[in-house]
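One structure is given here, and the rest of the page talks about it.
Only the coordinates and a few stated rules stand behind these numbers; no lab work does. Being a predicted model, the structure only gives us computed values, none of them experimental. Neighbour counts run over all protein chains shown; Cβ positions are idealised from the backbone, glycine included.
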């Protein structure tokens, strides 16, 4: 049953409790109105730009609008947690013998942190004001960025990510849908102007046009979501990025207003800030799980991660890393062995690579294709 709570003190009480729980921003949106996000989602899926993320197409019907997923939704409580870095993420791209892990994944998994706080806030709202509600943190078919824009947390920039006047590019989002009718905040409105820094910096040209993303060319998709070998023409463009990519976020001029995260669990672990590629290439499954305990990196698994590390080794131009790639030619995973072949094809001259090929027995067709180039 819908409950109207037009009293502004209601939202102020919720805002106050959200701040007590550690949220940096809390705003409100009407969950029912029409929006352009539905058409953008449809075009994205019809063009196949979601790649292997089949769950996006499978849930498109529920994903297109909050009320398509839950007919009872009336209002959205939109929350943000600042995860701003304490240094420019682009600087790490110059350390070719080091791996670059996206800022958001250098600390604990934000999903667990935010979900716990959302549940506490939801309990507060339900106990004080009643009404059914549901919580979300990037794990359900809910388009949170359009809702965040509607609530005024920021706007979706030309790179399709949320930009905040106060926090720049660095906000984790959480959502609570409720059947309560809460007073809505004003939207933020777009303020990208003529700037196209985020589009121009993309190493793989993943933006066909402003406000459009082709995930199949996005380094975050390639290093995290893609389970197969990364297309050969895109591998050199990865540089030393081994999990995600922050380029289009880090270059945004609005970051001049951003501040470093204060949440301890989101602080970067020193072991993940700029890890040595040589050490990462030596990880077996147990060591991988230990290093990335409570980290979002763990979900892609050791083999996919070491694949990424080997591509970075191949891009390093550092002959000292050759033994680390050569050792992985006998790895149990064909995904890893194939990446090792590619890395060595970049580090060795043609004669040395041919000698190594002649001395390395291999029967897996995918790895043989890597040897053939």
Sequence-separation-based contact order of the chain, relative, with Cα cut under 8 Å and 6+ spacing, percent: 20
Computed E for residue 355/residue 91 - FRET, C-beta separation, R0 35 angstrom, nearest 0.05: 0.40
Degrees, to the nearest 10: 301-316 long Cα axis against longest axis of the chain: 60
Length gained when the stretch residue 318-residue 372 is fully extended (0.36 nm per residue, less Cα-Cα span): 17.2 nm
Computed log₁₀ I(q)/I(0) - Debye formula, equal Cα scatterers, no solvent, region 210-345, q 0.14 Å⁻¹: -0.69
Two-decimal ratio, region 1-138, of alpha-carbon radius of gyration to 2.2 N^0.38 Å: 1.31
Percent of Cα-Cα distances greater than 17 Å, calculated over region 118-169: 51
Estimated 222 nm signal from helices in the chain, with DSSP H stretches of n ≥ 4 weighted -39500 (n - 2.57), rounded to 500: -10500 deg cm²/dmol
Inter-part distance where region 179-256 and region 23-93 are each reduced to a Cα centre, Å: 14
Spin-label pair residue 285/residue 47, simplified geometry with 7 Å Cα→Cβ offset, distance in nm: 3.9
Fraction of beta bridges assigned by DSSP in the chain that are antiparallel (%, nearest 5): 85
Relative packing of peptides 354-362, 80-88 - highest average C-beta neighbours within 10 Å first: 80-88, 354-362
Mean projection area, nm², convex hull over Cα of region 91-131: 4.1
Three-way shape call for region 166-283 based on the alpha-carbon gyration tensor, with the a/c threshold at 1.5: prolate
For region 103-234, alpha-carbon Rg over 2.2 N^0.38 Å: 1.24
